[in-house]
Structure formats: structure tokens, C-alpha cells
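First the structure, in the form of C-alpha cells, and then the observations on it.
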Amino acid sequence: MSSLLVTLPPPPRRVRGILSGADGGWFARLFTLPHTLVGVGATSYWIFLWCWAWFGADLPAVITGTEVQQSRKGGTTYLVRYEFRVDREIKDRSSAVSLADYNRYQVQGDSKPRVTVRHLSFWLFENTELKNKVRLWNPPGLFTLWIGFWDTVVGAAFYILWIKPLRIRLLYKYGESLPGSVVGKRTKSGKSTTCFVAYVFNHPYTGVFMS
């Protein structure tokens, strides 16, 4: 075991570069920013959908019309339009329904069937659906899986390209200089050779021997 003592200037020290110690370059860092914003927005909407399913207000509404939409791939979507009042504002929305519900809600003459809708509005988010379409395990499973995959991949990239370099910069700028002892060394070969050293030191506040 050998001792290694390096004397550094007192903090705060001057550190060159905005993200000293970062890997991947600025292109990779900037590339992750819009993906991170997408993840934040999608996750926020995912949480909002859970709040809507559990805590949304059930409001009376009336069916004002029906509509059939054909997709380019030949699919058919049945829609019902309805109106409901929130405070002093009358809102007009539509929901996709099954063929049976479409036939049941189809307006004939002046008839306006009454229904109940679940509504929640918060900041930029708003969602309204017929109450019989509400499921307490909302949002849909595929959306939940997508959120989990996206946030895991983008979150890992954001940590490697942004958080870790910032932590290294703060360590260089404000970290304390302590005596330590080198207890081992190793190399890792690949496209290039990387050298590692293992060391131990006493924690400055707890006095615990750390490695």
C-alpha cells in the first residue's frame, strides 16, 4: 500500500469548460434535450391521466350528434359529440364509442340523450370521456410501457451526458483535498487501454475509512 498526497488550491477553484469531464460531446448533449422534454411532458400527462381517472369530476352532459370516421386503412371509428357545463363555460367534446353505443346514442330528430362524463382540467392538460369508458387502471398499458421505456433510456443518457459531468465539475471546483492511500491498480483493454487505481481515505466528517 502506497501513500499519495496531492495539494490543491483551496475551493472554489477555477475549472475550465462548461461541463468539464463530460463524455459524448456537445452534439450528444444537445441531442438529448428535446428527448428529455418529450419525456417530461409525456410523464406529466401520464400522471394527469391517473388523476383524471381517480379524481375527475362527474358532470351531466347531453349528446348533440354522432359521426362515423373512416381511416385510410379501412378502419371505422364511431364518435358521439356532447356538451357539458364547467362553471359558466359550455364545452363541446367527442368520444369514440362502440357500434352498439353509437346506435344507442344516435340522435334522431330533437332527441338529446343525457349522459355523464368525467372531466378534469389542470394547467395545460384537459381530458374528458364518457363515464362508462373510465377505467381506474388508466392510462392504457401500452402508454405506460412506452413511458417506462422512454424515461429509462433518455434518463440514463441525460445522467451520463449532463448530471455526471456537472457533479464532476462541482467536485473539481468545491471538493476538499484529503490524504489517501493507493491499495491497487488494474488496466482494462479495448480500443484503448484504461488504467484504474483503487484507494482508501478517511471521511472528513464521519471519520469512516472509505474506499
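Against the numbered list (1) in contact (Cβ under 8 Å) with a residue 60 or more places away in the chain; (2) surrounded by 11 or more Cβ atoms within 10 Å (Cβ to Cβ); (3) closer than 30 Å to SER44 by Cβ, LEU136 comes up short only at (2).
Among residues of segment 89-129 being at pLDDT 90 or above and polar (S, T, N, Q), the one that is nearest to TYR78 (Cα to Cα) is SER98. Can you go through ARG93, ARG72, ARG104 and tell me which one is farther than 24 Å from PHE143 by Cβ and among the basic types (Lys, Arg)? After applying the criteria, what remains is ARG104. Against the conditions (1) closer than 24 Å to HIS35 by Cβ; (2) hydroxyl-bearing (Ser, Thr, Tyr); (3) part of a strand (DSSP E or B), THR187 satisfies every one except (1). In segment 11-32 there is at least one residue matching the filter, namely being within 23 Å of ILE160 (Cα to Cα) and either hydroxyl-bearing (Ser, Thr, Tyr) or assigned to a strand (DSSP E or B) (or both). Please determine whether any residue of segment 43-52 is surrounded by fewer than 11 Cβ atoms within 10 Å (Cβ to Cβ) and either of a type outside the set (S, T, N, Q) or within 19 Å of the chain's Cα centre (by Cα) (or both). Among the residues of segment 43-52, not one is surrounded by fewer than 11 Cβ atoms within 10 Å (Cβ to Cβ) and either of a type outside the set (S, T, N, Q) or within 19 Å of the chain's Cα centre (by Cα) (or both), which makes the answer no.
Would you say VAL80 is at pLDDT below 95, assigned to a strand (DSSP E or B) and surrounded by 16 or more Cβ atoms within 10 Å (Cβ to Cβ)?
Values: at pLDDT below 95: yes; assigned to a strand (DSSP E or B): yes; surrounded by 16 or more Cβ atoms within 10 Å (Cβ to Cβ): yes.
Yes: the conditions hold for VAL80.
Could you tell me whether any residue of segment 135-152 is in contact with a helix residue (DSSP H, G or I) (Cβ under 6 Å, 6 or more places away or on another chain) and in a strand (DSSP E or B)? Scanning segment 135-152 turns up no residue that is in contact with a helix residue (DSSP H, G or I) (Cβ under 6 Å, 6 or more places away or on another chain) and in a strand (DSSP E or B).
Condition check ((1) in contact with a Ser or Thr (Cβ under 6 Å, 6 or more places away or on another chain); (2) of a type outside the set (Val, Ile, Thr)) across all residues:
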{"residue": "SER121", "(1), (2)": "no, yes"}
{"residue": "LYS133", "(1), (2)": "no, yes"}
{"residue": "THR144", "(1), (2)": "no, no"}
{"residue": "TRP150", "(1), (2)": "no, yes"}
{"residue": "LYS188", "(1), (2)": "yes, yes"}
{"residue": "LYS191", "(1), (2)": "no, yes"}
{"residue": "PHE196", "(1), (2)": "no, yes"}
{"residue": "ASN202", "(1), (2)": "no, yes"}
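Starting from residues that are without any contact (Cβ under 8 Å) to a residue 40 or more places away in the chain and not acidic (Asp, Glu), keep the ones in segment 106-133 and report whichever is nearest to PHE55 (Cα to Cα). Taking the candidates together, the pick is SER121.
Do the conditions hold for ARG169, that is, is it surrounded by 11 or more Cβ atoms within 10 Å (Cβ to Cβ) and either assigned to a loop (DSSP other than H, G, I, E, B) or at pLDDT below 95 (or both)? In short, yes.
Within segment 166-190, work out how many residues are touching a strand residue (DSSP E or B) at 6+ places or on another chain (Cβ under 8 Å) and of a type in the set (A, V, I, L, M, F, W, C).
Qualifying residue count for the region: 3.
The values are calculated or read from the model by the stated rules, or taken from the named source; none is laboratory data. This is a predicted model, so every value here is computed, not measured. Positions of Cβ are backbone-derived with ideal geometry, glycine not excepted, and every protein chain shown enters the neighbour counts.
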